[in-house]
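Structure record follows, encoded as structure tokens.
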Amino acid sequence: MTKKPVLDVLWENLPGTIYLALASLSLMLIISLPLGVYSAVKKGSYADNIIRFITFIGISMPGFWVGLILLWVFGLKLDLLPIVGGEIGLDTIILPALTLAIGMASKYTRQVRTIVLEELNKDYVIAAYARGIGYKTVLFKSVFRCSIMTIITLLTLSIASLLGGT
């Protein structure tokens, strides 16, 4: 359509793609890490059930449908954000990044919860409590540190698909 080589078109659009991928990854991490850890710490509680229900809904919704709902609410009804953007900017990147982040954050919240729950049930955590080490110290200095490598591995696996999909 543009009468240009495909490689030239890809290079022209690469900065926007990287910007969108970084914005959605940032939003995803801001949402999923605290919710996943909180859900694991409060396992079986009312808050845990609500978080798991919301993440189930977030995983179940197709991305195109989430995008359309966000466009309708924030672009048409509330008129807060532009629906069509020509330039790369903060106002034009919010809706696409949020659309991508909702699905990813739902998946990663559940994965973070599972990883932290596995770590909380290990012997070194029980031994740390037996030695009198505080709950927050065990959680952030031991459990989160051991969990972060698995979380980073899962994150790096999805970066390529995110760049290819956006």
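Of the residues Ile115, Ile152, the single one that is in contact with a helix residue (DSSP H, G or I) (Cβ under 9 Å, 6 or more places away or on another chain), under 30 Å from Leu20 (Cα atoms) and assigned to a helix (DSSP H, G or I) is Ile115.
Looking across segment 52-64 at every residue that is over 16 Å from Pro34 (Cα atoms) and touching a helix residue (DSSP H, G or I) at 6+ places or on another chain (Cβ under 6 Å), the one that is surrounded by the most Cβ atoms within 10 Å (Cβ to Cβ) is identified as Gly58.
Among the numbered conditions (1) part of a helix (DSSP H, G or I); (2) open to solvent by less than 80 Å² (accessible area, probe 1.4 Å); (3) aliphatic (A, V, I, L, M); (4) within 26 Å of Val37 (Cα to Cα), the only one that Ile93 does not meet is (4). Checked against (1) open to solvent by 80 Å² or more (accessible area, probe 1.4 Å); (2) over 24 Å from Pro34 (Cβ atoms), Gly164 meets all criteria but (1). Which residues, taken from segment 118-149, are outside any loop (DSSP other than H, G, I, E, B), without any contact (Cβ under 8 Å) to a residue 40 or more places away in the chain and either open to solvent by 70 Å² or more (accessible area, probe 1.4 Å) or aromatic (Phe, Trp, Tyr) (or both)? Result: Glu118, Asp123, Tyr124, Ile126, Tyr129, Ala130, Tyr135, Lys136, Phe140, Lys141, Arg145, Met149. Within segment 103-112, one or more residues are of a type in the set (S, T, N, Q) and closer than 22 Å to Thr17 by Cα.
Within the set Ile83, Ile102, Ile152, Ile69, the sole residue that is closer than 16 Å to Leu29 by Cβ and surrounded by fewer than 15 Cβ atoms within 10 Å (Cβ to Cβ) turns out to be Ile152. Every listed requirement among (1) buried (at least 17 other Cβ atoms within 10 Å of the Cβ); (2) within 30 Å of Tyr135 (Cα to Cα); (3) polar (S, T, N, Q) is met by Asn49 save one, (1).
Test each condition in (1) in contact with a helix residue (DSSP H, G or I) (Cβ under 6 Å, 6 or more places away or on another chain); (2) without any contact (Cβ under 8 Å) to a residue 24 or more places away in the chain; (3) in a helix (DSSP H, G or I); (4) farther than 25 Å from Asp48 by Cα for Leu81 and report the one that comes out false. The single condition Leu81 does not satisfy is (3).
The values are calculated or read from the model by the stated rules, or taken from the named source; none is laboratory data. Bear in mind that the values here come from a model prediction, so they are computed numbers and not experimental data. Glycine gets a Cβ as well: all are built from the backbone with ideal geometry, and neighbour counts include every protein chain shown. Note: areas computed on protein heavy atoms with side chains; ligands, DNA, RNA excluded. Shrake-Rupley method; radii C 1.70, N 1.55, O 1.52, S 1.80 Å.
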